[in-house]
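The values are calculated or read from the model by the stated rules, or taken from the named source; none is laboratory data. Remember, predicted model here, so these are calculated numbers, not experimental data. A quick note on method: Cβ atoms are made from the backbone with ideal geometry, for glycine too, and the neighbour counts reach across all protein chains shown. SASA here: full protein model, heavy atoms, side chains in, ligands and nucleic acids out. Shrake-Rupley method; radii C 1.70, N 1.55, O 1.52, S 1.80 Å.
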Amino acid sequence: MTTQTHAVDHELIEAAARIARTRCRGDNHTIAAAARAADGRIVTAVNAYHFTGGPCAELVVIGTAAAQGAYDLDTIVAVGDRDRGVVPPCGRCRQVLFDYFPTLEVIVGNGDHVRTVPVADLLPETYVWSDHQLDTE
């Protein structure tokens, strides 16, 4: 697999970092995510940690974006509280992000080594949900 990288959206990283610094409190909210919609808007959210598997910030940002009428996301990043920097999406989030937005770009890496990669590159040999749905026509 050859990972193709694209320009890094530093404004998006800063938006997530700002939310992580100002809105993440205690153990319930430890990760912030920011996504850029196709129309250029930035949508932010935080995770809702719970021992039963509460939603990650990336999943919350999908719902927040939809609530704001932004159904097409171009790029996403997650940032940890306590200045932990960019945090890669977990496996569940990678699959959900791919299913919702197969052309989504994801910012990963750390420090001066962040990069933007297609979500598909984070899931080699992935299950493609849409390929296994019954044809409704």
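Give Ala120, Ala78 a once-over and let me know the one that is at negative phi and open to solvent by 30 Å² or more (accessible area, probe 1.4 Å).
Answer to the selection: Ala120.
Those residues that are outside any helix (DSSP H, G or I) and touching a residue at least 40 places away in the same chain (Cβ under 8 Å), I need them from segment 88-137; list them, please.
Glu105, Ile107, Val114, Arg115, Thr116, Val117, Pro118, Pro124
Take the residues in segment 54-75 that are buried (at least 16 other Cβ atoms within 10 Å of the Cβ) and of a type outside the set (A, V, I, L, M, F, W, C); name whichever of them is farthest from Asn28 (Cα to Cα).
Only one residue tops the list, namely Asp74.
Which condition does Thr75 not pass, out of (1) farther than 23 Å from His6 by Cα; (2) of a type in the set (Ser, Thr, Tyr); (3) touching an Asp or Glu at 6+ places or on another chain (Cβ under 9 Å), if it passes all the others?
So the condition that Thr75 fails would be (1).
Residues Thr30, Thr75: which one is out of contact with any helix residue (DSSP H, G or I) (no Cβ under 7 Å at 6 or more places or on another chain) and of a type outside the set (Asp, Glu)?
From the options Thr30, Thr75, the qualifying one is Thr30.
In the set Thr22, Thr75, Thr44, Thr52, which member is assigned to a helix (DSSP H, G or I) and of a type in the set (S, T, N, Q)?
It is Thr22.
What are the residues in segment 45-84 that are within 14 Å of the chain's Cα centre (by Cα) and more than 20 Å from Asp99 (Cα to Cα), if any?
The answer is Val46, Val79, Gly80.
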